[in-house]
1. What is the Å³ per residue value for the convex hull set by the Cα atoms of the stretch 89-205?
2. What are the semi-axes of the equivalent ellipsoid of the stretch 1-59, taken as the square roots of 5 times the eigenvalues of the Cα gyration tensor, listed largest first and rounded to whole Å?
3. Ranked highest first by the average count of other Cβ atoms within 10 Å around their residues, in what order do 82-89, 191-198, 396-403, 215-222 fall?
4. Taking 2.2 N^0.38 Å as the expected size of a compact globular protein, what ratio does the Cα radius of gyration of the stretch 368-413 give against it, to two decimals?
5. What ranking do 252, 106, 282 get, fewest neighbouring Cβ atoms within 10 angstrom at the top?
6. Volume per residue, Å³, of the convex hull around the alpha-carbon atoms of the stretch 325-413?
7. Counting only Cα, what are the radius of gyration and maximum Cα-Cα distance Dmax of the stretch 156-195, in Å?
8. Quick one: grab Rg to one decimal and Dmax as a whole number for the stretch 1-101, Cα atoms only, in Å.
Amino acid sequence: MNSTRTITLFRAGLLNPIDSDTWVYIRDGICAVSKGRIIQCGPTNKIYRQFPNIEVISLDGTIMPGFTDLHCHWVQHDVQGVYSGELLDWLQNYIWPEERRFINESLARERAKAFYSDMLRAGTVMGLSFSSVHVGATKIALSEMRGDWIIGNALMAVNAPNYLTSHSCHRYDDLRSVVDDVDGSHYAVTPRFAPNLRAVDLRIAAEIASSRSLLLQTHLAESKAEVRWVKELFPEAKNYTDVYDRIGLLGSRTVLAHCVELDETEWICLAKRRAWVAHCPSSNEALYNSRMPLERLRQFHVSWALASDIGAGPSHSMLHVLQRFFAIHEAAGVRVTSEEGLYRSTLAGAQAIGRDKVAGNFMPGKRADFVLMPGRPRQNELSGWFRDLCVGTIAELEHRPLGTWLGGMQIEP
Ligand code: GUN
Ligand code: ZN
């Protein structure tokens, strides 16, 4: 069979994130795809010469890699942005009663389908998500998956209602049997946050994650009240970060959501351990928490990527996350660029979850997972065009992408 028959050429504007300072834009470009993978990207005349007799699919707009959401709660999708308040009250009054419902597996299945469909509609193709404590709901989310997600059942041993802790798999044998039963490339060990676990539970989570080379995700220093509570609960620790560090939970396969209330020694520790931070600007704003000190991330060279943190974040759209990212830091006089915004919402998240060899930007060999955005700006309009993509109401932003492709196939959300 002629191998060129399996090639598809997508012609559009191509915007490719490279790093936090750099992107490459080709106003009239072609992305050549075969068997779901990118084989080449470049200017139309150059690529077309290499594949002269192949049909071209012309797309009206600009394609960029699909977004990566480095931290969210798929089980909170239905209530995203519905409730607010101080973190600990918000969890107890609204979020934990909502997550309780995921004992019901038909509800879990409906919600999982809606989550993936809405994510793809909004251009998010990949990410890292908390589930509820329920293993059944977690397995349903894994089996209904569209896109490339890493998910874990939340581990919650203490300081939470019995209707959740009694279903949690924080004990060694329980967690081991979950880990033995799931596909490790899509599973993250997920201790919810220090207040919900004792040192012994955290140690089990860290040991099992590291023995299987699994990702580990948790929350760190999201609110002032949470930090005060952790000080009371773990008086032996030097600080909140040390609660995790002293039991060996921090490493390059650890993703920590928030980190907005850290002192200098904690930043130094995160940098030393090469842990990843999920920065959730829209969530911090919605729950009246502090602004992420972006200057600290930069000063200590801590790796980070953007995240929606739905349901505290009011929208699963990474365009909305980007809108709040630009607005919050610029209001504080901190410089943020469009190039950085694109990188932190795509390739950086892929790097955090270990998917950058197969996804995250347009490189030969990577999956052809991309999103089509309206407009094909001139070079000198590019940065402004990207900012304009992020302007609008939540409903507008969730529907702004004109289409999403997974492995070169346009998906029906
Ligand atoms: N800390 C512990 N659990 C949660 C959660 O579900 N959402 C947020 N934003 N913070 C948390
Ligand atoms: Zn969260």
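None of the figures in this text is laboratory data; all of them are computed from the coordinates on show. Because the structure is a prediction, the values reported are computed rather than measured. We place every Cβ from the backbone using ideal geometry, glycine too, and count neighbours over all the protein chains shown.
1. 102
2. For the stretch 1-59, the ellipsoid semi-axes come out as 22, 12, 9 Å.
3. Numbers: 82-89: 15.2, 191-198: 23.6, 396-403: 18.6, 215-222: 25.6.
The peptides rank, most packed first, as 215-222, 191-198, 396-403, 82-89.
4. Values: Rg = 12.1 Å, N = 46, 2.2 N^0.38 = 9.4 Å.
Taking the Cα Rg and dividing by 2.2 N^0.38 Å, one obtains 1.29.
5. Ordered from fewest to most neighbouring Cβ atoms within 10 Å, 252, 106, 282 come out as 106, 252, 282.
6. So the per-residue hull volume is 130 Å³.
7. Both quantities, over Cα of the stretch 156-195: 11.1, 31 Å.
8. 21.7, 63
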